[in-house]
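K.L.:
Got a structure for you, questions after.
The values are calculated or read from the model by the stated rules, or taken from the named source; none is laboratory data. As the structure is a computational prediction, the values presented were derived from the model and not from experiment. Cβ: placed from backbone, ideal geometry, glycine included. Neighbour counts: every protein chain shown.
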Amino acid sequence: MNVIAKLPARADVPETKRPVHSVPADDLVAAGKRLRDTVPRASQGVWKRHKDRADPLALLQSSDAGRMPELIPIRYGRMLQTPFTFFRGAANIMAADLAMGPATGIQVQACGDCHLLNFGGFATPERNIVFDINDFDETLPAPWEWDVKRLVASFVLAARSNGLSDSAGRDAAIAAARSYRERLRDVSEMSPLEAWYAKIGLEDFMGLIDDDDVKKRVLRRVEKAKDDRASDADYPKLAEMVGGQILIKDQPPLIFHMDVQREEGFRAFVDKALADYRETLPDDRRALLDRYRLVDVAIKVVGIGSVGRYCAIGLFMSSSNQPLFLQFKQAVPSVLEPHAGKSVYEHSGQRVVIGQRLMQSSSDIFLGWVTAREGRQMYVRQLRDAKIKPLVETFDRTMLAIYGKACGWALARAHGRTGHPWLISGYLGTSDAFDEAMGDFAIAYADQAERDHAALKAAVSAGRIEVHIEEDR
């Protein structure tokens with residue numbers, strides 16, 4: 001759908017050639033409002049299994065190509081735990097489902113895997129704590145609705161996982177959708193610079209919480225994260241002295257060294273890869289990286305969707321033996337690409353890095369990309385940096401709704417930077433029509449995720465899919 005072509009004509013510029021920034025904001029809002037005629041907001045709340053829907057397990061297994069075979073059972077073992085953990089590892093299934101649903105035709109830089117655990121707090125380069133999206137493995141220009149729908153469905157599944165009622169999950173989903181709608185309108189009223197600089201600071205997040213006891217608990221977690229400087233905190237857990245050398249500890253099957261590391265020429269290849277990665281950094285970050293030397297590298301298994309992808313951690317040390325951990329994570333084409341179009345970036349690591357820089361209010365100073373052994377495309381970042389992971393499993397009904405407001409706000413800020421907030425705001429309007437539709441969609445799609453999870457359980461019971469059940473991590 002060519003939204004811009006439907007805008008009022010200007011005599012001196014053909015309609016289809018007019019850049020959106022040349023169109024008055026009021027015209028864009030009006031154009032967004034007209035989209036309700038072709039894509040009613042209530043239609044966004046409907047989820048029905050399409051007659052041509054692909055087999056979800058076949059889709060999952062198709063994404064096993066290129067993963068480390070010995071780690072694939074860990075992936076399925078994690079997805080087997082609950083419908084929520086299944087959902088977190090099934091971004092490609094939902095992408096295929098969303099592509100068959102209603103959409104306004106307005107694109108943004110989408111997260112692509114926009115569930116509530118891919119948001120959280122972290123430290124900016126200025127050492128301030130902000131709340132934002134923090135996972136961009138699947139980022140790609142795509143319909144804005146796809147991120148919102150994945151986000152709201154995750155709240156219902158999280159509520160069910162916590163033993164909360166569907167009304168609690170639906171309320172949190174609606175809170176996220178309402179926050180997205182209202183905050184996106186705020187962004188549409190900002191100047192481009194104001195929208196670009198906008199962030200959700202600690203005070204902003206705390207302002208969403210009315211309960212003083214909850215505020216105190218949140219502040220304690222923030223202070224602990226600020227005190228635990230990332231690499232210093234990780235170092236004693238991940239490293240040890242072996243024969244006079246500092247090495248990363250093997251903790252199989254989740255952290256281990258590869259046999260290939262003993263082959264002749266491996267270190268020379270790693271040094272070349274580091275030099276290539278260095279070239280993707282700005283000059284000032286190169287100067288900082290040059291103050292560290294690589295001492296060891298090992299494979300580290302990470303989140304559910306990435307299990308089996310090549311993900312390494314590198315331990316670097318300064319001249320005075322202060323540690324720095326960098327993560328080298330394999331990037332493959334986004335799960336959105338079969339449905340939203342191929343990325344303009346041939347290197348998937350670059351796709352992730354550029355998408356993250358576009359969407360985040362502040363990004364990791366070591367963010368870059370590189371091509372590793374066997375042509376694997378990787379992106380690089382710090383292992384963690386004062387990262388504050390939400391303890392969603394402890395959330396009650398009230399906290400889940402508060403967190404919904406924060407996630408909706410962060411998503412609106414990210415979409416408003418990279419898309420056309422006036423068009424989307426015009427479509428969403430000021431009523432709760434879209435919010436309620438998202439509550440309906442969240443319940444319906446959570447039901448679908450439970451059915452897909454049951455299919456996985458049946459396949460495991462029948463011996464068609466092998467799983468590895470980990471001890472408590």
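Yes or no, residue by residue, for (1) in contact with a helix residue (DSSP H, G or I) (Cβ under 9 Å, 6 or more places away or on another chain); (2) farther than 23 Å from Phe136 by Cβ:
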{"site": "Tyr292", "(1), (2)": "no, yes"}
{"site": "Val301", "(1), (2)": "yes, no"}
{"site": "Ile304", "(1), (2)": "yes, no"}
{"site": "Cys311", "(1), (2)": "no, no"}
{"site": "Leu315", "(1), (2)": "yes, yes"}
{"site": "Ser318", "(1), (2)": "no, yes"}
{"site": "Asn321", "(1), (2)": "no, yes"}
{"site": "Ala331", "(1), (2)": "yes, no"}
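K.L.:
On to the next question. Among the listed residues Leu281, Leu294, Leu326, which satisfies the condition of being surrounded by 20 or more Cβ atoms within 10 Å (Cβ to Cβ) and of a type outside the set (Ser, Thr, Tyr)?
P.N.:
Details: Leu281 fails: surrounded by 20 or more Cβ atoms within 10 Å (Cβ to Cβ); Leu294 fails: surrounded by 20 or more Cβ atoms within 10 Å (Cβ to Cβ).
Every option except Leu326 fails the conditions.
K.L.:
Pairs only if they're at least six apart or on different chains, beta carbon under 8 angstrom, first in segment 404-418 and on the phi > 0 side of the Ramachandran plot, second part of a helix (DSSP H, G or I) and of a type in the set (Gly, Ala, Ser); list them, first residue then second.
P.N.:
As it stands, the answer is none, since no pair meets every condition given.
K.L.:
Residues in segment 171-190: is at least one among the small types (Gly, Ala, Ser) and farther than 26 Å from Leu423 by Cα?
P.N.:
If we filter segment 171-190 for residues that are among the small types (Gly, Ala, Ser), which is where we start, we get 172-173, 175-177, 179, 188.
Cutting the leftovers down to farther than 26 Å from Leu423 by Cα gives us none.
No: zero hits.
K.L.:
On the basis of being modelled with pLDDT under 95 and more than 17 Å from the chain's Cα centre (by Cα), does Ala401 make the cut? Break it down stepwise before answering.
P.N.:
On the way: modelled with pLDDT under 95: no; more than 17 Å from the chain's Cα centre (by Cα): yes.
Against the criterion (modelled with pLDDT under 95 and more than 17 Å from the chain's Cα centre (by Cα)), Ala401 does not qualify.
K.L.:
Scan Val380, Val392 and give me the residue that is touching a strand residue (DSSP E or B) at 6+ places or on another chain (Cβ under 9 Å), of a type in the set (A, V, I, L, M, F, W, C) and more than 17 Å from Asp186 (Cα to Cα). Before you say what the answer is, go through the steps one by one.
P.N.:
Values: Val392 fails: touching a strand residue (DSSP E or B) at 6+ places or on another chain (Cβ under 9 Å).
None of the others qualify; the one that does is Val380.
K.L.:
Can you say whether Asp186 is over 15 Å from Lys405 (Cβ atoms), surrounded by fewer than 22 Cβ atoms within 10 Å (Cβ to Cβ) and out of contact with any Leu (no Cβ under 7 Å at 6 or more places or on another chain), as far as the supplied structure shows? If you could, list the steps in order and put the result at the bottom.
P.N.:
Details: over 15 Å from Lys405 (Cβ atoms): no; surrounded by fewer than 22 Cβ atoms within 10 Å (Cβ to Cβ): yes; out of contact with any Leu (no Cβ under 7 Å at 6 or more places or on another chain): yes.
For Asp186, the condition - over 15 Å from Lys405 (Cβ atoms), surrounded by fewer than 22 Cβ atoms within 10 Å (Cβ to Cβ) and out of contact with any Leu (no Cβ under 7 Å at 6 or more places or on another chain) - is not met.
K.L.:
Which residues, counting only those in segment 322-341, are part of a loop (DSSP other than H, G, I, E, B) and closer than 23 Å to Gly308 by Cα?
P.N.:
Restricting attention to segment 322-341, the residues satisfying the condition of being part of a loop (DSSP other than H, G, I, E, B) are 322, 331-336, 341.
Those that are part of a loop (DSSP other than H, G, I, E, B) and closer than 23 Å to Gly308 by Cα: Ala331, Val332, Pro333, Ser334, Val335, Leu336.
K.L.:
While we're here: Hey, any hits in segment 129-141 for a residue that's out of contact with any His (no Cβ under 6 Å at 6 or more places or on another chain), over 18 Å from His453 (Cα atoms) and in a helix (DSSP H, G or I)? Please lay out each step first, then the result.
P.N.:
So the first thing to find is which residues in segment 129-141 are out of contact with any His (no Cβ under 6 Å at 6 or more places or on another chain), and the list is 129-141.
Filter once more, so that each one left must be over 18 Å from His453 (Cα atoms): 129-141.
Narrowing further to those that are in a helix (DSSP H, G or I): none.
No: zero hits.
K.L.:
Would you mind stating whether Gln350 is buried (at least 18 other Cβ atoms within 10 Å of the Cβ), over 21 Å from Val39 (Cβ atoms), of a type in the set (S, T, N, Q) and at pLDDT 95 or above? Give the derivation first.
P.N.:
Numbers: buried (at least 18 other Cβ atoms within 10 Å of the Cβ): yes; over 21 Å from Val39 (Cβ atoms): yes; of a type in the set (S, T, N, Q): yes; at pLDDT 95 or above: yes.
Answer is yes for this residue.
K.L.:
What residue, among those in segment 106-118 that are outside any helix (DSSP H, G or I) and either modelled with pLDDT under 95 or polar (S, T, N, Q) (or both), is surrounded by the most Cβ atoms within 10 Å (Cβ to Cβ)?
P.N.:
Filtering segment 106-118 down to residues outside any helix (DSSP H, G or I) leaves 106-115.
Adding the requirement that they be either modelled with pLDDT under 95 or polar (S, T, N, Q) (or both) leaves 107, 109.
On the way: Gln107: 20, Gln109: 23.
Result: Gln109.
K.L.:
Continuing with the same structure: When both residues are 6+ apart or on different chains and their Cβ atoms are under 9 Å apart, which pairs have a first residue that lies in segment 74-103 and is over 19 Å from Lys457 (Cα atoms), and a second that is of a type in the set (Ser, Thr, Tyr) and in a loop (DSSP other than H, G, I, E, B)?
P.N.:
The qualifying pairs are Ala95/Ser334.
K.L.:
Which numbered condition trips up Met241, out of (1) farther than 22 Å from Ile365 by Cα; (2) surrounded by 12 or more Cβ atoms within 10 Å (Cβ to Cβ); (3) out of contact with any Pro (no Cβ under 8 Å at 6 or more places or on another chain)?
P.N.:
Condition not satisfied by Met241: (2).
K.L.:
Right, here's the next one. Quick check on my filter: what residues within segment 64-90 are among the aliphatic types (A, V, I, L, M), surrounded by fewer than 24 Cβ atoms within 10 Å (Cβ to Cβ) and assigned to a helix (DSSP H, G or I)? Give the derivation first.
P.N.:
Keep residues of segment 64-90 that are among the aliphatic types (A, V, I, L, M), which gives 65, 68, 71-72, 74, 79-80, 90.
From what is left, the residues that are surrounded by fewer than 24 Cβ atoms within 10 Å (Cβ to Cβ) are 65, 68, 71-72, 74, 80.
Matches in segment 64-90: Leu71, Ile72, Ile74, Leu80.
K.L.:
In segment 404-441, which residue that is buried (at least 24 other Cβ atoms within 10 Å of the Cβ) and among the hydroxyl-bearing types (Ser, Thr, Tyr) is nearest to Ser191 (Cα to Cα)?
P.N.:
Ser425
K.L.:
Just give me the residues in segment 413-448 being in contact with a Ser or Thr (Cβ under 7 Å, 6 or more places away or on another chain) and hydrophobic (A, V, I, L, M, F, W, C), in sequence order.
P.N.:
Hit for segment 413-448 is Trp422, nothing else.
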